[in-house]
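This report concerns only the one structure given below.
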Amino acid sequence: MMSSMAEVVPLPHVSFHDYLAAEQVSDIAHEWLEGVVFAMGATTLEQSRLAGNMHTALNNTLRGHGRARMSRCSASVQRPAPCSTRTGGFPRKRS
């Protein structure tokens, strides 16, 4: 009797360092999630706008305290702004 369940094949584990090195020379974008690399689909105009808006919002929030950096494979914040309890955890906007 045949089983109706498919055989589970473990995916190879890739270190984050190896993923970043391979991503630099790849023609297509990938996503790394807990050691597993997945090819990403093409980006839509709406997704590009959303990423641009997030980048702008982060930089506006961090103004004077650091800056946000985004690339096709990662996002990071350099020198995050100190939190203020009076503003709900976000830095106050300059007037």
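Residue-wise test of (1) in a loop (DSSP other than H, G, I, E, B); (2) loosely packed, with under 11 Cβ neighbours inside 10 Å; (3) among the aromatic types (Phe, Trp, Tyr).
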residue	(1), (2), (3)
GLU7	yes, yes, no
PRO10	yes, yes, no
HIS13	yes, yes, no
TYR19	no, no, yes
GLN24	no, yes, no
ASP27	yes, yes, no
GLY41	yes, yes, no
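Being surrounded by 10 or more Cβ atoms within 10 Å (Cβ to Cβ), in a loop (DSSP other than H, G, I, E, B), free of Cβ contacts under 8 Å to residues at least 24 places away in the same chain and not small (Gly, Ala, Ser) is the filter here; which residues of segment 43-73 pass it?
Result: THR43, single match.
Computed from the coordinates by the stated procedures, all read-outs in this text should not be read as laboratory data. Here the structure is a predicted model, which is why all the values come from computation and not from measurement. Backbone-built Cβ (ideal geometry, glycine too); neighbour counts: all protein chains shown.
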